[in-house]
Each structure stands twice: as C-alpha cells, then as structure tokens.
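The values are calculated or read from the model by the stated rules, or taken from the named source; none is laboratory data. What you are looking at is a predicted structure, and each value in this text was computed from that prediction instead of being measured. No Cβ is skipped: glycine too gets one built from the backbone with ideal geometry, and neighbour counts run over all protein chains shown.
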Amino acid sequence: MTLPSAHRDAASAQRPEPFDPAGATITIVTYNRSGLLTRLLDSITAMDPKPGHVVIIDNASSDDTTAVVESYRESIGTEIVYRRLDTNTGGSGGFSEGMRVAYELGSTWIWLMDDDVEVMPDGLARMGAWAPRFKSIQGRRYDYDGSEFYWQYRVSEPLGIPIPFAPSGFDASGYKEMNSGCFEGMFIHRDIVEQIGLPDPRFFIYWDDQTYGWLASRVTTSVIVDEFVLRRTREIKQWDMGIRHMNASSDAYRYYIMRNRAIIKRYYRALGVYNPIAFGLGTTLTFGKEIIRLLLVERKISGTSNLFRGLRDGRKIAKDANWQPMPPLVPIIGR
C-alpha cells in the first residue's frame, strides 16, 4: 500500500462542493439484533432530509432481520439496499462490504453506523453542513442514558493506541482535528475511500475503525465536530471514570484486541511509521487495560487466556510474507 505522508488531499484545494443529501448513503451493519435495527430504521424514517440510500449489511442473522428490513421498504422514504451475507464476517467484514456497496452505488458521502444507535432527525443536515470543508468527519453521540458520550478521537501514533483523556471541550470553531475513526458514525467522502481503499475485513472486530480513521487522516484533514447526531440505544455495563467510561467486553473482543495489534503493526511497517519499542509499549498497555477491564468492570479473573491466544495468533500474521494492506480503489497520481 502506497500512501502519501502529507495530511491534505489534492481535492481539498478545489472549490468546495455543495452538500446534496441525495448523494449520501447510510450504511448499517447488523447481526441478530432486529429489535435494535427496528429503532434505527424508525429514526431514519423520521429524518429530514433523508439520504439517497440506506445500505444494510446483514452478517448472516438467524432472527427475523430480513422480514424487518422488508417491512420498511415502502415506509422509510428512501431506497433500501439489503445484503445478507452467507457467513458472519464481523463488524469489520460488514463495514468493508457496506462501504463497497455504497461506493458502487455512486455515493458521494458514506455514513457508517452500527444497529444499536438511532439518528437524530436533523442528523444528516448537521453533518452535511461540514461537508464543504472536510472529507472525513465524525459527529458526536449521546449515550444510552442521554449523557454526552466521550469518544477517544486522538491516537498516539507511536504507541498505536487511543489517547484516553484528550480534551473533550470544543472551542468556537466547533471542531477538533482527529487521527482516528469510529464506525459508529464515521461520515466519509468517496474521494478518501478511493485513496485508502475499503476497511480491512481481516480485523473481524476491534481496531478496524481506528486504523481506517488513521489512514484517512494521512490524506485529508479529519475532524470530530460538535454536533450530536446519534444516540446509543443499547445499554452496556460500564465503569464510570468521570470524563469517560470503560465498557464491559467479551472473550471474542479480548482475543481480537490482542491479535489485531499485529495487523496494525503490518500497516505501520508498510507506511514507514513503525517503532518497535513504542509499539510494543502500546501492546503492553493494551494488555494491562484489558486486565483492568476484567477486574473492575466485569468483576472476574477468567478470560486472560483469550488475550494470550490473541498474541500468539498475531505472531503468525506478523510473520506472513504474503500479507499486504488493503489497496487504494484508484491509482494515486504520481505514485
């Protein structure tokens, strides 16, 4: 993968294009949560303006997801494109496929989200107001209880981990530069997708959106804006740390949190930013954080074996001579 190290894409120097809601696509990934998906589709039905398309990627659900989607085709007020995958590809695979479908539909803007959020009625208008200025945008969201959700928008590049206490406040500009991303609300222009390619499905879950947002920030000015456009609809067990929360996890997450460090390492090596000492420290800190999560959030000690198993399998990825990053969708001029 060959990406320029500059932080501005050539398109940003052109005259800003006006935002057209019909050129935007909401892309949803869902798996066996038709009740939550129903709430999200209800919120899209109430939106004004609406996107041109709603793409729904179903990760081989075994519940009534298909029937739920079909029940909205006439009432939602925009075109639904539904893809039910043969196997569960995880959030990473789902968002990669959803991005591909939205891109092939000709979407100018792609708004990614999980099924456990709902959209504010004017959410698309609020995001679109920033579209003439930026091409990788993250809106804010309310937590399940209506409080302001704090998202870690800055990554320590040498460590390869989020900075947990980056300032949460906004100044009069209404935005802050970020070098990360979250598929629960990422709003991204097709020009950036062309340059950095599709999200990498090999992550399966975890670190995928952070890495994708980091890649985007290498070719454009990525920002989080002071606009509340989403609200979480699923309650998650948390440890309240004041400015932020630490959520409960699962054995699968613990495994992929550690295994996927190797995928980040491969991207870092390919792009010439890998520092083995700093990155190793980041991996150690990640391991320690998961131990804290087990003890203080989940109140148990079992689960550490999944962390070690992830590290073991990550070493295989690190040594794979055939491994390559996701390619750009179009050739980069001059490269």
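A search for C-beta distances below 8 Å between a residue of region 45-62 that is at positive phi and any residue that is surrounded by fewer than 20 Cβ atoms within 10 Å (Cβ to Cβ), counting only pairs 6+ apart in sequence or on different chains, returns A60/R84; A60/L85; A60/D86; A60/T87; A60/N88.
For region 23-49, which positions are farther than 27 Å from F204 by Cβ and in contact with a Leu (Cβ under 7 Å, 6 or more places away or on another chain)? Those that are farther than 27 Å from F204 by Cβ and in contact with a Leu (Cβ under 7 Å, 6 or more places away or on another chain): A24, M47, P49.
Look through region 118-155, keep the residues that are of a type in the set (S, T, Y) and more than 30 Å from D20 (Cβ to Cβ), and return whichever of them is surrounded by the fewest Cβ atoms within 10 Å (Cβ to Cβ). By that ranking, first place goes to S147.
Here's the yes/no breakdown for (1) at pLDDT 95 or above; (2) more than 19 Å from F183 (Cβ to Cβ):
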residue	(1), (2)
M1	no, yes
A11	no, yes
L36	yes, no
A46	yes, yes
V69	yes, yes
I76	yes, yes
G91	yes, no
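Only residues that are crowded, with 18+ Cβ neighbours inside 10 Å and in a helix (DSSP H, G or I) were counted across region 69-102, and they come to 14. Figure legend. Inter-residue proximity from region 156-174: first residues not assigned by TED's automatic domain parsing to the domain that holds M127 and exposed (fewer than 14 other Cβ atoms within 10 Å of the Cβ), second residues hydroxyl-bearing (S, T, Y) and at pLDDT below 95, beta-carbon distance below 7 Å, spacing 6+ or different chains. No pairs are indicated. Quick check on this structure: which one of R254, R299 is at pLDDT below 95 and part of a loop (DSSP other than H, G, I, E, B)? Going through R254, R299 in turn, the sole match is R299. Go through region 131-188 and count every residue that is out of contact with any Lys or Arg (no Cβ under 9 Å at 6 or more places or on another chain), among the polar types (S, T, N, Q) and not in a strand (DSSP E or B). Number satisfying all stated conditions: 2. Residues that are part of a loop (DSSP other than H, G, I, E, B) and of a type in the set (A, V, I, L, M, F, W, C) within region 38-68 comprise A46, M47, A60, listed in sequence order. Checking each residue in region 49-61 for being more than 11 Å from T30 (Cα to Cα) and either of a type outside the set (A, V, I, L, M) or at pLDDT below 95 (or both) picks out P49, K50, P51, G52, H53. Per this entry, S107 is counted among residues that are buried (at least 18 other Cβ atoms within 10 Å of the Cβ), over 15 Å from the mean Cα position of the chain (by Cα), in the same structural domain as D191 (by TED's automatic domain parsing) and not aromatic (F, W, Y).
For E118, indicate whether it is farther than 16 Å from S222 by Cβ and part of a strand (DSSP E or B). It is true that E118 is farther than 16 Å from S222 by Cβ and part of a strand (DSSP E or B). Restricting L124, L112 to those that are in contact with a helix residue (DSSP H, G or I) (Cβ under 7 Å, 6 or more places away or on another chain) and assigned to a helix (DSSP H, G or I) reduces the list to L124.
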